[in-house]
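Here is the structure we will look at.
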DNA sequence: TTAGTGCCTCCAGTAACTGGAAGGTCAATA
DNA sequence: TATTGACCTTCCAGTTACTGGAGGCACTAA
């Protein structure tokens, strides 16, 4: 099948699929006219990558996961280790964002949001006043 | 003061400060020898940007916030609008990450993590089995 | 034959830095 | 005075994961 159908089947933009080929994640055959000819196995791989990306794994992690998937001598420990590392990163990122959210929400709630210039958000950024979230 | 002290005072890497000058966020004077000469006002601006970045505002938002800060005819509504948009983005991002986290944590908990090859994480990515988090 | 769509490659741009090379400057020391 | 060594400069390239667009074939239907 051509790239458009591959794109439809995997929910990945054609551009992205070409990019994944560029960096060696998939190697679709070519027709005589130079068009990429995707097999079911390519679709499967692309969908695998798409799902892994959807869980936030980096492209390089996707590459590793794909290798592990294709390597029947893998151990589940290897996979779990990657997933656990990623989970830890997500947890950290969530914590950071929650912290931001807390401060920001507090500042927003303190700001009148009218047509006067006085603004606790700017004051806080300027550290003129210590407007912190508890 | 030289860039090293500016860096120490603002907790921003010297590289980053040069970058901020490059994109026009600050315009420190120069000494006869070509070294940047930071004034207190530059430090103040850099610290402002650093705090805004710490809250997750983009560099362009920082630029806008800085302009608003320096424009005494601003309205707090303008500032609040930017902050609220940003807050909404953060909320969305947190929600996405929580969703990832949920699925991932479930998969991790299902995986034995031993030296056998069988792995529900890979199975799920391959969509061979529907291992979803409820 | 022509139009329209789809495919190709290659180049550049995005966000926000970061690393490193090549080289000038300054203060203290031998 | 010469020389370290720390500090400063600019400029170029790389990072992540794509995305947009230009220029140009290929295919299909009318």
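The values are calculated or read from the model by the stated rules, or taken from the named source; none is laboratory data. Because the structure is a prediction, the values reported are computed rather than measured. Methodologically, a virtual Cβ is constructed for each residue, glycine included, from the backbone with ideal geometry; neighbour enumeration extends over all protein chains shown.
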- Residue count, segment A:44-62, condition in a loop (DSSP other than H, G, I, E, B) and near DNA strand D (Cβ under 9 Å from one of its atoms), comes to 3
- Query: Quick check: is even one residue across segment A:72-82 within 16 Å of the chain's Cα centre (by Cα), modelled with pLDDT of 95 or more, away from DNA strand C (no atom under 16 Å from the Cβ) and in a helix (DSSP H, G or I)?
  - Reply: yes
- Is it fair to say residue B:49 is closer than 24 Å to residue B:83 by Cα, within 14 Å of chain A (Cβ to nearest Cβ) and away from DNA strand C (no atom under 12 Å from the Cβ)? no
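How about segment A:18-37: which of its residues are within 9 Å of DNA strand C (Cβ to nearest atom) and touching a helix residue (DSSP H, G or I) at 6+ places or on another chain (Cβ under 6 Å)?
Residues satisfying the conditions are A:28, A:36.
Using the structure shown, decide if residue A:89 is part of a helix (DSSP H, G or I), facing chain B (nearest Cβ under 9 Å), away from DNA strand C (no atom under 14 Å from the Cβ) and closer than 20 Å to residue B:125 by Cα. So that I can check it myself, show each step before the final result.
On the way: part of a helix (DSSP H, G or I): yes; facing chain B (nearest Cβ under 9 Å): no; away from DNA strand C (no atom under 14 Å from the Cβ): yes; closer than 20 Å to residue B:125 by Cα: yes.
Criteria not met by residue A:89.
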- Query: For the subset of segment B:74-86 comprising residues that are surrounded by fewer than 19 Cβ atoms within 10 Å (Cβ to Cβ) and within 7 Å of another protein chain (Cβ to nearest Cβ), which member is farthest from residue A:118 (Cα to Cα)?
  - Reply: B:84
- Message: Under 9 Å between Cβ atoms, which residue pairs at least 6 apart in sequence (or on different chains) link something in segment A:18-35 that is within 14 Å of chain B (Cβ to nearest Cβ) with a partner that is more than 7 Å from DNA strand D (Cβ to nearest atom)?
- Response: A:25/A:45; A:25/A:46; A:25/A:49; A:25/A:62; A:25/A:63; A:25/A:66
- Query: When you look at residue B:108, is it in contact with a helix residue (DSSP H, G or I) (Cβ under 9 Å, 6 or more places away or on another chain), within 29 Å of residue A:83 (Cα to Cα) and touching a residue at least 12 places away in the same chain (Cβ under 8 Å), yes or no?
  - Reply: yes
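Pick from A:7, A:41: which is within 14 Å of chain B (Cβ to nearest Cβ), over 29 Å from residue B:105 (Cβ atoms) and either buried (at least 18 other Cβ atoms within 10 Å of the Cβ) or away from DNA strand D (no atom under 13 Å from the Cβ) (or both)? Please lay out each step first, then the result.
Details: A:7 fails: within 14 Å of chain B (Cβ to nearest Cβ).
When all the criteria are applied, what remains is A:41.
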